[in-house]
Amino acid sequence: MSKGRFFKTAAIAAALALTVSACGSDSGSEEVSGEINLFLIPSPSSTSIQSFIPEFEAQTGVKVNVSETPYGEAHQKQLLSYNQKAGAYDVAQFDNTFLAPFCQAKVMAPLDSYIKNSGEYDINDFGPGQQDYGKCKGETLGLTLSTEPMIQWYRTDIYEELGLKPATTWDEYYDNAKKVQEAGNGGQIMGFGPNVSWWWMTLLWSFGGKLYDDNLNPTVNSKEAVAATDYLKKLLSVSPKGAITATGDDTTSKFLGENIGAMLNYSGYYGMALDTSINKNAGKIGTAPMPIGAVDITHLAGWNIGIPADAKNPTAAWKFLEFVLGKTNSVKYLESGAAAIGRKSIISNSDLVANNPYLPQLEIPTSSRIERYPQIAVWPEFEVAAIDAVTQVLTGKQRTQAALDALNEKLKPILAKEPR
């Protein structure tokens, strides 16, 4: 996950109305030539991708150009570019949050024929949930660029001293945090600030709730949603000072730099634990699956990357993606600093696990239902409304049921705008 995952709702909503025609074909064993243009978003994944460019250029003779745009502007810029049909980019990185709007606007080329014929990419090296992560309406529009489930992090030294074990239920998670707090440390931390929607919807799903039903009617004021929101507020009472404004980055920095018993956060942040300037608790960080509530769910996040429908050189674009993200370079990709991709061959690599002990958490059990950012075009507007309502509860400005009732009403016209 990267800094500042917020966007200008009105501008994005306007851009989502744009449509272009799809194109692209399987490259098979065709020779590649010319040049390709990459559209990347500043992140560890982007940095890693760029490290492969010299070798790819040397092997293929293809010139690779790079354009980077900050997250808050990136997806709008991509949509506007596709509308111009100028073929500005051959490879584009995007957040899975935008898979649905990109799908509806038909701006990404389907990759299934490439994948089917690629032994190097080897789609069977991924579990079923990962194989579907970049799919929309049955077509793969983006390869997995990072695998980032929400997981439990804990301080092994603090837990050992207090005789605690990683929580398997939400009651245990709170009880552990309370005991750690009573011992004089921060009990636990998660992002109660501007990214609070990440944790709120995780708990809502885990408590058995839904954001909306099959007919796109909002259901955020259900008894399950109320219980999840109340629990989120309860966790704030066993969190360190400053947690109420913490972003995803702040949450991780505080956990790694202070004495806090546990954290719930995406595995993609583990790269920060490898930075000794941030991690003051090296060798004392353990990871475990997220606690299970009424429903066993895995909140899966992460980047996607694919080939725009108007790409001028899709064959070379696929060869580049295959080169960077295929099995041959999969270890090098992880070791270059990117968030891990959940290949079976990576998860089971004992040497890699020794340096990246969180890797086993990327193997999602078949018993766990995968949830990801809602695949709806109006999600940006939905999320802004949800963050505001949950913040009202956390800061004591509104009671939970009242805030969620108001949110449910506010979401009705928003969801009504979703293309059917």
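The values are calculated or read from the model by the stated rules, or taken from the named source; none is laboratory data. Since this is a predicted model, take the numbers as computed values, not measurements. Ideal geometry is used to build each Cβ from the backbone, glycine not excepted, and the neighbour counts take in all protein chains shown.
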*Tell me, which residue of the range 109-153 that is part of a helix (DSSP H, G or I), touching a Gly at 6+ places or on another chain (Cβ under 9 Å) and of a type in the set (S, T, N, Q) is modelled with the lowest pLDDT?*
Gln130
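For the range 252-267, how many residues meet the condition of being under 19 Å from the mean Cα position of the chain (by Cα) and within 12 Å of Gly186 (Cα to Cα)? It would help to see each step written out before you state the result.
Just the residues of the range 252-267 that are under 19 Å from the mean Cα position of the chain (by Cα), to begin with: 252-253, 263-267.
Right, trim to within 12 Å of Gly186 (Cα to Cα) and you get 263.
So the count comes out to 1.
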*Could you list, in sequence order, all residues of the range 50-75 that are closer than 16 Å to Glu35 by Cα and assigned to a helix (DSSP H, G or I)?*
Gln50, Ile53, Pro54, Glu55, Phe56, Glu57, Ala58, Gln59, Thr60
*Any chance Tyr82 is of a type in the set (Ser, Thr, Tyr) and surrounded by fewer than 20 Cβ atoms within 10 Å (Cβ to Cβ)*: no
*Restricting the range 358-393 to residues that are aromatic (Phe, Trp, Tyr) and part of a loop (DSSP other than H, G, I, E, B), which is farthest from Gly302 (Cα to Cα)?*
Tyr358
*Restricting to the range 47-87, what's the tally of residues that are at pLDDT below 95, among the hydrophobic types (A, V, I, L, M, F, W, C) and either under 17 Å from Pro314 (Cβ atoms) or touching a helix residue (DSSP H, G or I) at 6+ places or on another chain (Cβ under 7 Å) (or both)?*
3
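Conditions (1) assigned to a helix (DSSP H, G or I); (2) surrounded by 15 or more Cβ atoms within 10 Å (Cβ to Cβ); (3) in contact with a Cys (Cβ under 7 Å, 6 or more places away or on another chain); (4) of a type outside the set (A, V, I, L, M), marked per residue:
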residue: Ala167; (1), (2), (3), (4): no, yes, no, no
residue: Gln188; (1), (2), (3), (4): no, yes, no, yes
residue: Trp198; (1), (2), (3), (4): yes, yes, no, yes
residue: Asp214; (1), (2), (3), (4): no, no, no, yes
residue: Tyr231; (1), (2), (3), (4): yes, yes, no, yes
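Yes/no matrix, rows are residues, columns are (1) without any contact (Cβ under 8 Å) to a residue 40 or more places away in the chain; (2) out of contact with any helix residue (DSSP H, G or I) (no Cβ under 6 Å at 6 or more places or on another chain):
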residue	(1), (2)
Val220	no, no
Glu224	no, yes
Lys233	no, no
Ser237	yes, yes
Pro240	no, yes
Ala246	no, yes
Thr252	yes, no
*asked:* Which count do you get for residues in the range 337-354 that are outside any loop (DSSP other than H, G, I, E, B) and in contact (Cβ under 8 Å) with a residue 40 or more places away in the chain?
replied: 3
*Count of the range 121-134 residues which are crowded, with 18+ Cβ neighbours inside 10 Å and not aromatic (Phe, Trp, Tyr)*: 5
*asked:* Which count do you get for residues in the range 95-120 that are under 23 Å from Lys327 (Cβ atoms) and either crowded, with 24+ Cβ neighbours inside 10 Å or not charged (D, E, K, R) (or both)?
replied: 10
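So that you can scan it fast, the table gives a plain yes or no per residue for (1) in a strand (DSSP E or B); (2) in contact (Cβ under 8 Å) with a residue 12 or more places away in the chain; (3) farther than 19 Å from Phe102 by Cβ:
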| residue | (1), (2), (3) |
| --- | --- |
| Tyr270 | no, yes, yes |
| Thr276 | no, no, yes |
| Thr287 | yes, yes, yes |
| Met290 | no, yes, yes |
| Val295 | no, yes, yes |
| Thr298 | yes, yes, yes |
| Ala311 | no, yes, no |
| Ala316 | no, yes, yes |
| Leu321 | no, yes, no |
*Among the residues of the range 270-279, is there at least one that is small (Gly, Ala, Ser), surrounded by fewer than 15 Cβ atoms within 10 Å (Cβ to Cβ), under 20 Å from Lys165 (Cα atoms) and at pLDDT below 95?*
no
*Does the range 22-43 include one or more residues that are out of contact with any His (no Cβ under 7 Å at 6 or more places or on another chain) and part of a helix (DSSP H, G or I)?*
no
*Residues of the range 370-400 being of a type in the set (Ser, Thr, Tyr) and exposed (fewer than 15 other Cβ atoms within 10 Å of the Cβ), which ones?*
Thr395
*Yes or no: Ser206 farther than 23 Å from Gly242 by Cβ, surrounded by 23 or more Cβ atoms within 10 Å (Cβ to Cβ), out of contact with any Lys or Arg (no Cβ under 7 Å at 6 or more places or on another chain) and at pLDDT 95 or above?*
yes
*Could you tell me whether the range 114-127 includes any residue that is more than 19 Å from Leu232 (Cα to Cα), out of contact with any helix residue (DSSP H, G or I) (no Cβ under 7 Å at 6 or more places or on another chain) and outside the structural domain of His75 (by TED's automatic domain parsing)?*
no
*Just give me the residues in the range 135-164 being touching a helix residue (DSSP H, G or I) at 6+ places or on another chain (Cβ under 7 Å) and of a type in the set (D, E, K, R), in sequence order.*
Lys137, Glu139, Glu148
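Just to be sure before I move on: is Glu418 surrounded by fewer than 19 Cβ atoms within 10 Å (Cβ to Cβ) and not hydroxyl-bearing (Ser, Thr, Tyr) in the structure I sent?
Considered against the rule, which asks whether it is surrounded by fewer than 19 Cβ atoms within 10 Å (Cβ to Cβ) and not hydroxyl-bearing (Ser, Thr, Tyr), Glu418 comes out as yes.
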*Enumerate the pairs (first residue in the range 167-188 and closer than 14 Å to Ala288 by Cβ; second residue anywhere and assigned to a helix (DSSP H, G or I)) with beta-carbon separation below 6 Å, excluding pairs fewer than 6 apart on the same chain, so at least 6 apart or on different chains.*
Ala167/Tyr173; Ala167/Asn176; Gln188/Ala177
*Kindly indicate whether any position in the range 350-369 is of a type in the set (Gly, Ala, Ser), within 22 Å of Phe56 (Cα to Cα) and surrounded by 16 or more Cβ atoms within 10 Å (Cβ to Cβ).*
no
